[in-house]
Amino acid sequence: NQAALDGRAIRHEIAINFFSNAKKLTINLALYLPKSALTPVPIFLGSNFNGNHAVDHDESISINTKWMRNTLDEKSVVNNRATEFSRGFEATRWPLASIIEKGFGVATFYYGDVEADHVDGWKNGIRAVLSPDKDLTNFEDDDWGAISAWSWGLCRAMDYLVTNSAVDSQKIALIGHSRLGKAALWAGAQDERFALVISNNSGAGGISLARRNFGESIASINENFPHWFSGNYKRFNQSPQTLPIDMHEMAALIAPRPLYIASAQEDLWADPKGEFLAGKFAEPVYSLFGKSGLGVDEWPPANHPVGDFIGYHIRTGKHDV
């Protein structure tokens, strides 16, 4: 435990370990709690892209040494390893001080702690740890992919949070951006302990409707990231209209818990209108529980949030938080 954010918060660093035969995997969870809190606090939980040291400039946070995607600035992550320049690299996506000031806490971990984000990432990830006797060089069509692995990690972080008496375990919100938004949605759909699920620019394979075939297609996402999804998903590369389900049904699996969907005007690759429509088409399931959905029929203008138990906004700007 250590003071953080100029003394306004306490940062806890928790190692969550998994063992299987001779293999071990550790998720390093950072938990920020308001120092002034006298009662259990609600939490925002989400995985991060560049390590816990990247969400805060604090030099006392250990730099994550695992494989990472190289960054565009060509200095924060070099040769797939984080450098000192990566401290606070993601801080704009994690407004810790603002969240703490409002009485909430934040929990986060590097998604690569669960599995590295490349084709062979499973070899040192949770899929290998949990399947020590299986030949994962030849995945079955219905085997889980990296998105499911990252979702699994979020649920294991939840396992810890519900044991912490400083956390209000009934008020844990799950949030994810981009590919981590896809993982957050899938974790939220499976795990009813999450009180609220927030999708930020999750796009294809996330909250946008695949059968619209707008922006990032099933074919392009499977070609660029063949490790993300099960082999079965590749069957629809050339015929998205034949997909027997679509993402409004994943949205509906979160009912009756609140779902918030965030889009961005310049993020056409994620199909903002398709993200809105997934929320809209999930409304009938929410209505079965007596819950109101978006409450509008037309795609709203930018910076005009709508909705109730399904919320939505499209903001000006690009693919970001």
**Complete:** Net charge near SER263 (other residues with Cβ under 15 Å of its Cβ; Lys, Arg +1; Asp, Glu -1) is -1
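For the chain, which whole-number percentage of the solvent-accessible area (1.4 Å probe, protein heavy atoms only) is attributable to carbon and sulfur atoms?
Exposed carbon and sulfur together represent 52 percent of the surface.
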**Asked** Helices from the chain with mean Kyte-Doolittle at least -1.0 and a Cα length along the axis of 15 Å or more, per DSSP H: which?
**Response** 146-161, 179-190
**Request:** Show that you can apply the helix-only estimate: for the chain, add -39,500 (n - 2.57) for every DSSP H stretch of four or more residues, divide by all residues, and state [θ] at 222 nm to the nearest 500.
**Result:** -6000 deg cm²/dmol
**Prompt:** What list of ³J(HN,Hα) couplings, whole Hz, do you get for the stretch 309-314 from phi and the Karplus terms 6.51, -1.76, 1.60, once you set θ to phi - 60° and write x for glycine and proline?
**Reply:** 6, 10, x, 8, 8, 10
**Fill in**
For the table LYS171/LYS273; LYS234/LYS318; LYS23/LYS318; LYS75/LYS102, the rows whose alpha-carbon distance is greater than 31 Å are LYS23/LYS318; LYS75/LYS102
**Complete:** Residue-normalised value, i.e. accessible area per residue, for the chain at 1.4 Å probe, in Å², stands at 45 Å²
**Request:** Mind giving me the FRET efficiency for TRP299 and THR92? R0 is 25 Å, r the Cβ-Cβ distance, nearest 0.05 is fine.
**Result:** 0.40
**Message:** Using DSSP to call loops (not H, G, I, E or B), can you name the GluC sites (Glu not before Pro) in the stretch 258-318 whose Cβ has at most 15 other Cβ atoms within 10 angstrom?
**Reply:** GLU266, GLU298
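Need the full-extension length gain, LEU268 to THR65, defined as separation in residues times 0.36 nm minus the C-alpha distance. One decimal, nm. If you can, show how the numbers build up before the last one.
Values: separation 203, 0.36 × 203 = 73.08 nm, distance 3.37 nm.
So the extension gain works out to 69.7 nm.
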**Message:** Per 0.36 nm of contour for each residue apart, how much would the distance between THR26 and ALA219 grow if the chain were fully extended, relative to their Cα-Cα spacing?
**Reply:** 66.2 nm
**Residue-count net charge about HIS118 - beta-carbon cut-off 14 Å; Lys, Arg +1, Asp, Glu -1** = +3
**Message:** With an 8 Å Cα cut-off and a minimum separation of 6 or more residues, compute the relative contact order for the chain in percent.
**Reply:** 14 percent
**Request:** Please sort 168-179, 140-151 by packing, taking for each peptide the average over its residues of neighbouring beta carbons within 10 angstrom, highest first.
**Result:** 168-179, 140-151
**Request:** Find how many whole Å separate the alpha carbon centroid of the stretch 1-54 from the alpha carbon centroid of the stretch 77-106.
**Result:** 12 Å
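Can you quote the Å³ per residue value for the convex hull of the Cα atoms in the chain, rounded to an integer?
Once divided by residue count, the hull of the chain is 139 Å³.
The values are calculated or read from the model by the stated rules, or taken from the named source; none is laboratory data. What you are looking at is a predicted structure, and each value in this text was computed from that prediction instead of being measured. As a convention, Cβ positions derive from the backbone with ideal geometry for all residues, glycine included, and neighbour counts pool all protein chains shown. Surface areas here come from the heavy atoms of the whole protein model, side chains and all, with no ligands, DNA or RNA. Shrake-Rupley method; radii C 1.70, N 1.55, O 1.52, S 1.80 Å.
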